[in-house]
Each structure stands twice: as C-alpha cells, then as structure tokens.
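Below you'll find the structure, written out as structure tokens, and then a few comments.
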Amino acid sequence: MTTFRELAPKYSAKEIEEKWYHIWETSGYFTPVVDPNKKPFVIVIPPPNVTGVLHMGHALNNTIQDILIRSNRMKGIPTLWVPGVDHAGIATQNVVEKRLVKEKKTRHTLGREKFVEEVWKWKDEHGSTIVKQLRRLGASCDWSRERFTMDSGLSKSVRETFVRLYEQGLIYRGDYIINWCPRCQTALSDEEAVHRDLKGALYYIKYPLEHSSEHLTVATTRPETMLGDTAVAIHPKDERYKSFHGKKVILPLINRSIPIILDDSVDPDFGTGIVKITPAHDPNDFEMGKRHSLERIKIMNPDGTISKEGGPYEGLDRFEARKRIVHDLEKTELFVKRVDHGHSVGHCYRCDTVVEPYLSKQWFVRMKPLAQRALQAQASGQIKFLPERWTKVYVSWLENIRDWCISRQIWWGHQIPVWYCKSCGDESVMVTRQDPVHCPACGGKELRQDPDVLDTWFSSWLWPFSTLGWPEKTSDLNYFYPTSALVTAQEIIFFWVARMIMAGLQFLDHVPFHTVFIHGTVRVEGGQKMSKSLGNVIDPIEVIDEMGADALRFSMVMLAATDVYLSREKLEMGRNFTNKIWNATRFVFRSLEHDEFILSPASNPKFLSDIDKWILTELDRTAQKMTENLNQFRFFDAASTIYHFFWHSFCDWYLELVKPVLSRPKEDSARRAVESVLVHVLEESIRLLHPLMPFVTEEVWQTLKANIRSELFKPKSIMLASWPISNSLRRFEKETLMVERFQNVVIGIRDLRSRLGLKPLELIQKVMIITKSNELTQAILNFRNEIAAFAHVSELAVGENLKRESGMVGRVYEDLQVFVGGLSKESLNQERERTREKITELEGLVREIDARLQNSGFVSKAPVEVVEQEQARKKEFEERLVSYRENLTLFS
RNA sequence: GGGCGAUUAGCUCAGUUGGUUAGAGCGCUUCCUUUACACGGAAGAGGUCUCAGGUUCGAGCCCUGAAUCGCCCACCA
C-alpha cells in the first residue's frame with residue numbers, strides 16, 4: 001500500500017502510466033456494462049492505417065475522443081469506444097512490396113495467393129504498432145471489440161453492401177476515364193488524386209488541313225497524348241474558323257486523318273480556340289468523344305509507357321515521350337511555340353506519382369441517390385457539424401458528387417464479389433452473397449472472380465455499424481447504433497465522414513452519428529503539415545517517453561482551439577502542469593495528520609474559515625464551467641478552466657494561505673477542517689482532470705483511496721468514480737467576495753512593496769487600510785494574520801476613520817484603500833508621479849462615461865441595467881478620484 | 001475560377017447571443033533558492049483588436065469593400 005509519506009518526490013510518468021493502463025485494461029473498465037434503461041455514449045475510432053505509426057494528428061484526435069469517453073463514463077453512462085485498424089489497401093501493399101524488393105522478389109513472382117499471405121504475415125508482425133501506441137496515449141478503447149477492416153465480420157458487411165447496391169442498380173461497371181497511378185498500377189478515386197499546381201508549358205502545334213496548305217494551331221499541355229488524337233474541336237460560333245467546318249486535318253507525326261468537330265464546350269478564348277481531342281486520355285475529351293462518336297485510342301500502357309498505338313514512340317515513358325515528341329516537332333515547321341503555363345495536376349495520394357487520366361473498365365457506385373439522403377439528413381438536423389462552418393463543405397461536396405470508382409487493381413483488400421462465366425464471357429455477371437458454383441445461364445462450372453479489390457474506403461464507410469456486427473442483427477448493433485459523436489479532422493470529410501453518413505442511411509435507415517466534431521490540423525511551426533518526408537515530425541511517443549502521456553494530452557488540448565502549430569516548447573505547458581499537480585499533491589499528503597476527513601466540507605460550514613469557503617466556491621464554479629464546456633465540445637475552455645483553478649486558485653492562494661494553519665497541532669479544529677478541505681478539493685480537482693490527464697490523476701486518487709476510509713473511494717478506479725456535479729449549496733458567495741477583497745489588499749501591498757524596491761521578506765513597518773464600512777473593517781480584520789504573513793507587515797491598522805499619515809503611499813480600490821509607510825524620498829517621488837498618472841486615467845474614464853450618460857440615445861435605448869451599471873461605475877471612479885487626489889497631498 | 005477561414009501583446013492563440021478599463025500560455029523586466037514545486041513564487045512592462053467605410057445609444061464581435069496570409073474544391077485543353 002502506498003502511503004502518503006512515500007509519495008515519490010519526482011513523478012515518474014513511464015512507470016505509473018504502464019502500471020495503470022495495464023490494470024485498467026485487464027480489469028475490463030473499458031468495456032461498457034449494458035444497461036437497457038440508459039442511452040449509451042458511443043464513439044467509433046477513425047481507424048488508423050495498419051501501416052501507420054502514431055503522429056501528432058492521431059494524438060490530438062484520440063485525446064479528444066478519450067476526453068469525451070472518460071467524462072461520459074464518469075457520468076455513469078454506458079460508454080463504448082470501438083477501436084480498430086484499417087487495412088489501407090494501396091499503402092499496405094506498397095509497404096510489403098518494398099520489403100520484397102529487398103529480397104529481390106516482386107508480388108508477381110510470388111503470385112497473388114502467396115503475396116496476400118505475405119501481407120497478412122506483415123500485418124500480424126507490424127500491424128499492431130499503432131494500437132500499442134494508442135494504449136500509451138491512455139486511450140480507453142474497448143479492446144475486446146477491436147476490429148480490422150479485413151476481418152471476417154467486416155468482410156461480410158462489405159460483401160453484403162456490394163451485393164445490395166448491385167441489386168439496387170447502384171453499382172455498375174463500365175469504360176470510363178479514371179485516375180490511374182502508373183506506379184501503383186491501379187485506378188484511384190477522384191478524392192485520391194491530389195491536385196497540385198505545377199509549372200508546365202503550353203505547346204502550340206500546327207495540324208495541317210487535309211488537301212490544303214492551310215493548318216489549324218492547337219494548344220496543349222500534354223503533347224504526348226496527340227498520338228491518340230481522333231479529332232480537333234472548335235466552338236461552333238467561333239467566326240475565325242467558320243471556313244473549317246466539316247473539314248479534316250492530318251495528325252502530325254502519325255499522319256492520321258481526323259475530323260474537325262464543333263462543340264459548345266470549347267472555350268474560344270483559351271489558347272487558339274482549337275483543342276485536340278484524345279478521348280482515351282482526357283475526361284473532357286472522353287465526354288466529347290461520346291457526343292461525337294469518336295474512336296478511343298489508348299496510347300499508353302498501364303505502367304505509363306507508350307503503347308504500340310504510339311507507333312515510333314512505343315515503349316518510351318510518358319514524360320520521355322513528351323520530350324521526344326516536342327523535339328521531333330521542333331524539327332518541322334509544325335511547331336509554333338512553347339509558353340510557360342501553370343496548371344493543376346493530379347498526384348497519387350499514396351506515392352505522389354503524377355496520375356494519368358486513363359480509359360479503363362472499372363466498377364462504380366452511383367452516388368446521386370445516396371447523396372440525396374445525406375443532404376436531407378443534414379437539412380433536417382439529424383447531423384450537426386462542429387464547428388458549424390464545416391456543414392457547408394459537406395453540403396457542397398454532396399451537391400456536386402460524382403460517381404465513385406471503387407475498383408482497385410491491387411491484391412490487398414476485399415476482392416470484388418463478382419464472378420464471370422468462362423463460356424459466357426464478361427457479360428454474364430454473377431454478384432452473390434455466397435460464392436457461385438455454376439453459371440446460371442449456361443450451367444458452366446468454370447467461373448472466374450473479378451481480380452480487382454475494392455477501394456479501402458468501401459469498407460471504412462461501413463465502420464460505425466460493421467464494427468457492431470451488421471449485417472447480423474446483434475445486440476451490440478441494437479444497443480449501440482447509432483453512435484453519439486464522430487471526432488475527426490477536416491481532411492477526411494469527403495473520404496470518410498460523408499460516405500459513412502450515406503452508408504448509414506442507405507443500409508440502416510439512420511445516420512451513424514449525430515455530432516461530427518472537426519478539430520484542427522496539426523502543423524509544425526512555420527505552417528507546413530507535419531510529415532515524415534519533410535522531416536519535421538515531433539514524435540508523440542518520444543514526447544510521452546520524455547514528459548508523459550498526460551503532459552502531451554493536456555498540451556494538445558490547450559493548443560487545439562484551432563489548427564495547431566506545434567513546437568517542443570509549447571508541449572512544456574503540459575509537462576509543467578503535471579509537475580505542479582504532483583507537487584501540490586505531495587504537499588497536501590505530507591500535511592495530513594488524520595486519516596478520516598469530512599468529505600463534503602461544504603455541508604458542514606460551521607467548521608470552515610472564509611478561505612475554505614472561498615476555495616470550495618471556486619471549485620464548484622470550476623466543476624460547473626467544465627461540465628458546460630465539455631458538453632459543448634469546448635475542450636480548450638475546459639482545460640484552461642481547471643488549469644487556472646488548480647494552479648492559481650488552489651496552489652497559489654489556498655495552499656499558501658493554509659500553511660500557517662497546518663503548523664498547528666493535530667487536534668486543532670481549524671487544522672482538521674483545512675485537512676478535510678484539502679482532501680476534498682484535491683480529490684474533486686483530479687476527478688475533473690481525469691478525462692484530460694488520466695494517469696497522474698489515477699495515481700493520486702489511488703493513493704488517497706489507499707489511505708482514507710470513505711464511501712467516496714468505493715470505486716475501484718477514478719475511471720469509475722463519479723463526475724462532479726455542481727451544486728449551489730456548495731457555494732458561499734458572500735465569503736468569496738470578502739476573500740477577493742482580502743486578496744486585493746495583499747496584491748496592493750505586494751505591488752507597493754515591489755514598486756518601492758522592498759525585498760519580499762523585508763518587513764513593512766506600517767500598513768493602514770481605510771475602509772468604507774464597519775462591516776468591511778471587521779472582515780479585513782478577520783484576515784489580519786494572513787495579511788501580516790503574506791505581506792510581511794509589522795503594524796496593521798484597519799478602520800473607517802483613520803487619519804492617513806504624511807509620506808504614506810497607497811492603492812485605491814472600490815471600498816478600501818491600502819497605505820504603506822516608512823518610505824524613502826525617492827520612492828515617494830516615484831509614487832507621486834504614478835498617482836498623477838492614475839488620476840489622469842480615471843479622469844479620462846469619467847469623461848467617457850459622462851459622454852455616454854449625456855447621450856440621450858444611450859439613456860433611452862440601452863437596457864436599464866446597462867445604464868445603471870454605467871452610473872455605478874461613474875460613481876466609483878469619482879470616489880477613487882477623490883481618494884487619489886487626497887493621496888497626492890500626502891506626498892509633501 | 002469558386003468557396004471557406006485567418007488577421008487581437010514580441011511569439012502562439014482565446015475572446016461563446018454586440019454592453020465594465022480586451023485575456024491566457026510562452027517570451028521579456030525586476031525581485032526571491034521562504035522546508036510542495038526554479039518544470040517554482042511575487043510584482044511588472046507590453047495591444048490605435050490589418051485598413052477604409054457603414055449599421056447601432058454602444059462594435060474586437062454585425063454589414064460592405066480593400067489588403068495580406070492560409071486551406072479546400074474545380075473537367076484552366
């Protein structure tokens with residue numbers, strides 16, 4: 001048993017964190033106790049990639065989730081946080097392929113089956129890295145419900161979803177232009193092609209008119225695609241080119257005759273107003289090709305080299321081909337010019353290769369009908385974004401949604417549940433829940449499954465219900481769906497959030513969550529995103545090793561009101577606060593002489609001093625504010641509320657004030673009361689802090705529990721202790737006001753002391769406090785010992801009608817004045833100047849208020865309270881002015 | 001091209017429906033090793049709230065415009 005006396009002088013985060021996390025997990029505290037009479041609080045984790053390692057974005061994201069989970073759990077609500085990992089198709093495949101390269105193997109030499117086995121092996125060995133790291137952060141996920149997007153249950157959800165959508169006519173297969181990554185050799189969705197502005201060039205090339213010496217000049221940024229041109233297009237109303245209508249041009253280098261077509265989509269103002277059309281390599285051209293029934297010539301292989309359709313350029317890499325084509329054209333009269341041209345080019349979000357618009361046969365989900373319901377759900381208030389402005393991002397994406405390309409030409413992922421009959425060909429498509437054994441059309445048994453796998457997001461979008469057992473009607477699904485909140489970053493609103501909402505509505509007729517909380521992006525100081533490739537990463541695990549998880553969590557929350565620009569120094573805030581908590585605890589513990597305390601001291605006020613009542617009142621206010629802040633997802637405000645209370649109210653004032661009391665004998669009743677208050681305030685503070693800083697608070701709480709016999713410590717863990725509930729009966733407003741007066745007196749004396757060059761421990765001979773009422777005089781006298789101790793004063797005079805002595809300087813408050821005497825001439829001169837400045841300042845303020853009060857508009861239109869308030873302020877300032885002016889006369 | 005956000009102390013940012021003399025952390029200055037904590041304590045300096053108009057009795061907050069920065073979206077051949 002840890003005893004109070006044994007509390008280590010230094011907080012050793014590592015040991016304590018490991019100890020408590022292990023106990024929490026093995027005791028099953030993360031697993032909710034289902035209570036049918038209570039509405040549960042549920043979050044599903046944004047599943048990190050199985051290839052991932054914890055970065056600061058995860059640290060922030062999961063800290064916020066854990067705060068919500070832990071605070072709700074303490075409120076006695078059955079609370080579930082579902083953890084899991086995403087199989088991250090392309091990313092994982094890339095990682096494993098890279099490892100194979102070291103062994104001089106490729107996935108093709110291994111074959112599909114062996115390769116997938118390799119990936120599973122890799123997953124088993126390395127895939128749990130991030131899951132372990134989440135534990136180090138303190139995340140109170142229910143690990144007994146941990147899921148993986150490729151596990152059998154989730155695979156079943158994926159299959160069910162695909163089949164349903166297919167049956168509903170919402171999945172189709174077709175030849176379209178998609179984004180193709182020549183390095184990964186797979187299709188990508190529009191969201192996976194990241195557009196970036198690049199410096200490129202616009203090449204002007206003459207296309208000679210057939211049977212004529214005339215020519216048309218086209219402008220293109222991708223000259224290599226001309227190998228696949230099957231037309232040139234002009235705007236039908238473009239007067240310049242009217243005479244070319246119906247004619248043909250000869251494609252240079254290839255010498256193919258291609259038509260001149262008329263199309264409204266041509267912008268006459270761009271380039272020459274003439275555009276070359278490559279239907280197989282450009283989405284616009286593809287559409288135009290459909291309208292004009294143009295041939296589609298694929299001039300590129302999947303690896304980005306020129307295909308045999310490219311004639312003399314066959315085999316060249318696409319960028320090499322571009323250079324060669326430009327070079328070859330330059331040798332003819334057909335090359336006009338090259339001008340610099342900035343344009344936006346898609347890049348593979350996984351490997352950053354420039355993607356190619358590429359014609360191929362892919363599977364798509366028809367998104368419009370799904371988007372419709374998702375928009376409706378938002379409009380009817382079933383979905384709320386926080387902060388609200390993200391609603392607009394969500395809405396405009398859904399309004400402009402395009403079909404989702406879901407097939408990927410990789411091997412790691414959910415293979416598409418589609419079979420083709422070898423004898424009937426690709427047109428006979430079997431899409432079934434059970435693997436088919438024969439072709440329903442011809443009875444043939446030679447079936448072939450579509451080799452493609454599904455986009456990883458096709459499993460992620462089912463996450464809020466697939467993790468709970470859907471499509472089975474499990475009790476988990478019944479009890480925990482829909483979930484309560486989703487916490488994520490802005491980057492995946494499209495990828496994930498919007499699609500989950502669509503899936504929830506489509507498959508369960510209910511939004512998957514009600515609140516979407518979007519937190520900031522973590523960046524490095526200077527503004528870049530934190531990324532490995534930039535080498536500017538601050539590793540959260542290193543920070544945890546060095547400062548502790550609590551420090552990291554607290555700092556992140558304090559910083560994350562908006563996007564976070566992180567630096568090492570900023571993280572010290574949390575470290576320092578952890579240290580403060582630990583040391584305050586040590587102080588409290590070593591001050592305790594008893595082992596039984598009044599654990600709700602506020603209900604026994606007769607034993608309490610005004611100072612006790614003040615700290616209890618502040619504590620109650622803190623509990624109330626924190627609860628409100630957390631309810632509104634205002635994590636920064638919650639954190640700064642408790643930070644301020646604990647550090648500045650509790651440590652700086654209360655602990656210092658009670659030190660003299662704690663030097664009294666054990667039997668002293670005031671001492672006894674103070675001990676109770678200390679235990680009470682400390683205990684409740686750490687309960688308030690627990691969602692933010694789970695480890696240090698558990699350690700402190702358990703030490704209290706081990707040494708104090710009380711109902712309060714009945715729970716086995718602070719995790720299971722109750723969330724403090726604010727109660728006006730625990731507040732002492734009048735005493736609190738008095739303590740604030742007293743604090744002002746102390747601050748005033750200290751200010752004067754420091755201003756007049758007196759050392760902190762140098763005794764001040766005389767302090768005089770002039771009050772405006774006998775009541776206040778008595779109140780101040782109650783604090784005479786504290787004032788003497790705090791301000792180091794040998795003689796203290798308090799009263800309403802005291803005579804100020806010449807040579808004393810003072811500070812003026814609303815209803816009292818503090819004077820200090822025994823000063824040097826130099827100090828007096830300085831203080832005289834300061835008093836003059838103060839007078840000028842107050843005169844200015846009074847003039848301002850006067851102007852306001854004389855403004856008839858203000859008096860007639862402002863609320864009565866505001867007018868009265870202004871009048872009161874004026875009166876107060878004027879009184880202070882009188883005092884300061886009188887003070888001025890005392891300097892002589 | 002469209003949209004969104006930001007602009008408040010030296011730095012990083014709060015400031016919730018308009019209403020006292022605009023706050024915090026870090027940094028800075030002065031003092032203090034007083035037995036919980038120097039990862040600390042006390043005191044202090046520091047702001048024409050980007051600019052220009054407007055609404056209002058009253059604007060950091062609402063409206064219009066401008067500038068600068070950042071982010072997102074987009075089929076700029």
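The values are calculated or read from the model by the stated rules, or taken from the named source; none is laboratory data. Note that this is a predicted model, so its numbers are computed, not measured. Cβ sites come from the backbone with ideal geometry, for glycine too, and all protein chains shown count toward neighbours. These accessible areas exclude ligands, DNA and RNA; they are computed on the full protein's heavy atoms, side chains included. Shrake-Rupley method; radii C 1.70, N 1.55, O 1.52, S 1.80 Å.
The label point for A:SER475 and the one for A:LYS19, both projected 7 Å from the Cα toward the Cβ, are 3.6 nm apart. Solvent-accessible surface of region A:366-461, averaged per residue with a 1.4 angstrom probe and all protein chains in place: 49 square angstrom. Heavy atoms of the protein chains alone define the surface here; on that basis region A:761-859 has 54 Å² accessible area per residue at 1.4 Å probe size. Specify the angular offset, from 0 to 90 degrees and rounded to the nearest 10, of the alpha carbon long axis of helix A:635-644 from the longest principal axis of the alpha carbons in chain A. Roughly 20 degrees between the two axes. R0 = 56 Å: FRET efficiency of A:ARG755 with A:LEU720, Cβ-based, nearest 0.05? Plugging the Cβ-Cβ distance into 1/(1 + (r/R0)^6) gives 0.60. A:SER212 sits with roughly 50 Å² accessible to a 1.4 Å probe, with DNA, RNA and ligands left out of the calculation. Dividing the radius of gyration of the alpha carbons in region A:611-753 by their Kirkwood radius gives 0.98 for Rg/Rh. Can you return the lysines within cross-link range of A:LYS422? Criterion is Cα-Cα under 19 Å, with same-chain partners fewer than 8 residues away left out. Leaving aside lysines fewer than 8 places away in the same chain, those within reach of A:LYS422 are A:LYS361, A:LYS445. Ligands, DNA and RNA excluded, the heavy atoms of A:CYS184 present near 10 Å² of accessible surface to a 1.4 Å solvent probe. Convex hull volume per residue, computed on the Cα atoms of region A:679-819, equals 168 Å³.
The mean accessible area for residues of region A:298-356, using a 1.4 Å probe and ignoring ligands and nucleic acids, is 53 Å² per residue. Accessible surface comparison of A:HIS245, A:HIS347, probe 1.4 Å, protein chains only, largest first: the order is A:HIS245, A:HIS347. Helix A:499-508 axis versus longest C-alpha principal axis of chain A: approximately 80°, rounded to the nearest ten.
Pairs of lysine residues in region A:25-153 that meet both criteria, 8 or more places apart or on different chains and Cα atoms under 21 Å apart, total 17.
Comparing Cα centroids, region A:831-892 and region A:48-121 end up 64 angstrom apart. With the whole protein complex present, A:CYS181 retains an accessible surface near 0 Å², based on a 1.4 Å probe.
Distance in nm between label sites at A:ARG873 and A:LYS10, each 7 Å beyond Cα in the beta-carbon direction? Between A:ARG873 and A:LYS10, the simple spin-label model gives 5.1 nm.
Sorting the segments A:379-389, A:774-784 by their residues' average number of neighbouring beta-carbon atoms within 10 angstrom, most packed first, yields A:774-784, A:379-389. Carbon-plus-sulfur accessible fraction, region A:1-107 (probe radius 1.4 Å, protein heavy atoms only): 56%. Panel note: the C-alpha atoms of region A:798-892, placed on their principal axes, show extents of 52, 27, 13 Å (largest first). Using the average count of surrounding beta-carbon atoms within 10 Å as a protection proxy, the listed peptides A:588-595, A:555-562 rank, highest first, as A:555-562, A:588-595. Accessible area per residue (1.4 Å probe, heavy atoms of protein chains only) ranks A:ARG350, A:ARG499, A:ARG183 as A:ARG183, A:ARG350, A:ARG499, with the largest value leading. Backbone phi angles across region A:575-585, fed through the Karplus curve with coefficients 6.51, -1.76 and 1.60 (θ = phi - 60°), yield HN-Hα couplings of 5, 4, 5, 4, 4, 5, 4, 4, 6, 4, 4 Hz in residue order; Gly and Pro are listed as x. For region A:744-771 versus region A:626-699, the inter-centroid distance based on Cα atoms is 28 Å. Counting only DSSP beta bridges with both residues in chain A, the antiparallel share comes to about 70 percent. Based on the Cβ-Cβ distance of A:THR106 and A:ALA441, what FRET efficiency does E = 1/(1 + (r/R0)^6) give at R0 = 56 Å, to the nearest 0.05? Taking R0 as 56 Å, the efficiency between A:THR106 and A:ALA441 is 0.90. Around the amide H of A:VAL418, modelled in the peptide plane, lie the amide H atoms of A:ASP450, all under 5 Å away and 5 or more residues distant in sequence or on another chain.
Separation of region A:420-490 from region A:334-376 is 26 Å, based on Cα centroids. Accessible surface comparison of A:THR622, A:THR106, A:THR51, probe 1.4 Å, protein chains only, largest first: the order is A:THR106, A:THR51, A:THR622.
Over the residues of chain A, the helix contribution to mean residue ellipticity at 222 nm works out to -13500 deg cm²/dmol, using -39500 (n - 2.57) for each DSSP H run of at least 4. Positive end of the dipole of region A:634-739 (Cβ unit charges, origin at the Cα centre): among A:ASN707, A:VAL681, A:PHE650, the Cα lying farthest that way belongs to A:ASN707. Between the Cα long axis of helix A:825-854 and the first principal axis of chain A there is an angle of about 60°, rounded to the nearest 10.
Counting 0.36 nm for each residue step from A:SER396 to A:GLU805 and taking away their Cα separation leaves a gain of 139.9 nm. For chain A, the Stokes-Einstein estimate of translational diffusion at 25 °C and a viscosity of 0.890 mPa s comes to 73 µm²/s, using the Kirkwood hydrodynamic radius over alpha-carbon pairs.
Rolling a 1.4 Å probe over the protein heavy atoms of region A:760-877, with every protein chain left in place, gives an accessible area that is 47 percent carbon and sulfur. Charge dipole of chain A (Cα centre as origin; +1 on each Lys and Arg Cβ, -1 on each Asp and Glu Cβ, all else neutral): 540 debye, rounded to the nearest 20.
PRE reach from A:GLN449 (point 7 Å along Cα→Cβ): which of region A:109-133 fall under 14 Å by backbone N? In region A:109-133, the label zone of A:GLN449 (backbone N under 14 Å from the point 7 Å along Cα→Cβ) covers A:112-117.
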